[in-house]
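Let me begin by presenting the structure, written as structure tokens, before commenting on it.
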Amino acid sequence: MNDIVLETERLVLREYRLDDLEDAADMLGDPVHMQHYPHPFTREESLAWIENNIRRYDEEGFGLWVVEPRGTGEFIGNVGLTIQVVDDVEEIEVGWHIIPSLWGYGYAPEAAAACRDYAFAELALPRLISIVGPNNTQSRRVAEKIGMHIEKHTVYKGEHPSVIFAIEAPI
């Protein structure tokens, strides 16, 4: 089975598999990585994360995809598209997670830009958003690097102060 979805100059984005649990649990359970989430994930929450993305591939045609440097098979994070409801409006979010030891190497913007381009060219989506914590300077920079702008500030899911970044499809 070919589970590769996208490729960039340096990266391969592929579908999650259940055997990604150890790597996903390490990343999602890391307090540094998850500092902008309510809490680091347990192993069970990490498994649910993977299973939810596998369900998304089948039901929605997209989800978060594992990021690997070309030719290595090394798990370095996940980037992709998910359906989110923000202020009672269903939106498609481009989101990213790269392991902290690899922050600053440009992997998140490279993979996120590939997802943006895929969303506009292949899925014909009219726009994308990103939901970013107000103090998450790294993610704010990623959003800006892929051409997003601040659209509004809101309280996501009624409990998470968030900055909503957006980008419209090119005409």
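For the range 55-106, which trypsin sites (Lys or Arg not before Pro) pass both filters: DSSP loop (anything but H, G, I, E, B) and at most 11 other C-beta atoms within 10 Å?
70
Please work out how much length the chain gains when fully extended from residue 34 to residue 18, using 0.36 nm per residue of separation minus the C-alpha to C-alpha distance, in nm with one decimal.
Extra length from residue 34 to residue 18 when fully extended: 3.7 nm.
Rank-order 95-105, 58-68 by packing density, defined as the average count of other C-beta atoms within 10 Å over each peptide's residues, highest first.
58-68, 95-105
Between (1) 12; (2) 31; (3) 22, which entry matches percent of Cα pairs over 29 Å apart as derived from the coordinates of this structure?
Here percent of Cα pairs over 29 Å apart agrees with entry (1).
Tell me the label-point distance for the pair residue 137, residue 72, using the 7 Å Cα-to-Cβ offset, in nm and rounded to one decimal.
The answer from the label model is 2.6 nm.
No value in this document is a laboratory result; all are computed from the given coordinates. Here the structure is a predicted model, which is why all the values come from computation and not from measurement. Backbone-built Cβ (ideal geometry, glycine too); neighbour counts: all protein chains shown.
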